[in-house]
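The values are calculated or read from the model by the stated rules, or taken from the named source; none is laboratory data. These figures come from a predicted structure and were not determined experimentally. As a convention, Cβ positions derive from the backbone with ideal geometry for all residues, glycine included, and neighbour counts pool all protein chains shown. To get the accessible areas, we keep the full protein, side chains included, count just its heavy atoms, and leave off ligands, DNA and RNA. Shrake-Rupley method; radii C 1.70, N 1.55, O 1.52, S 1.80 Å.
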Amino acid sequence: MHELSIAVAVVEQAEEAVRERGRAVESLTLRVGELAGVVPEALDFSFGLATEGTALAGARLLIETVDGRGRCECCGREAPTGMPPVLWCAGCGTPLTLLRGRELEIVRVTLAAGPPDAEGTSDGGGEGPRGGEGADGGLRPTPSGPPVRDEEAGHVPHR
């Protein structure tokens, strides 16, 4: 089950990205291509194991699935690859060049609202819904808890 090693690598990268912020992670969003060879259910289970005792403990894993798509360099036709993948052109039989579907990347790490920062301001000010900073501060309300800040994370390529 290679999903466990993928989950461990994702948690390590996310922890490194949020280490200085000193706040818990609410959720982590991954973009996973259908041709990446990853079973989403196994990855979700593995993520729960990999996050134990880390800054991501209790975080939700959100998975965006990317359909496979290819293009025929001979006739220019584009088509979905499907599962199992069909990697040749239905029109002329030429092998397709993959356009997408092998992605495996961290898209977003959403942090919980945290303590006041060094300048003395707080993410929990009274301007926005549920005490968030409003549109300019980057916080958004959540239906079940305190406001959170969406923070973009770096690209984690599939290896």
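Per residue, the accessible area of the stretch 1-44 comes to 50 Å² when a 1.4 Å probe rolls over the protein heavy atoms. Take Asp44: with every protein chain present and a 1.4 Å probe, its accessible area is about 80 Å². Return the percentage of antiparallel bridges among DSSP beta bridges fully within the stretch 1-104, rounded to the nearest 5 %. Around 55 percent antiparallel, to the nearest 5. Assuming R0 = 22 Å, what is the FRET efficiency of Val86 and Val8, from their Cβ-Cβ distance, to the nearest 0.05? Given R0 = 22 Å and the Cβ-Cβ separation, E is 0.10.
Note on Arg19: accessible area approximately 150 square angstrom, rounded to 10, probe 1.4 Å, nucleic acids and ligands left out. Extension gain for the segment Asp67 to Val39, taken as residue separation times 0.36 nm less the Cα-Cα distance, is 8.7 nm to one decimal.
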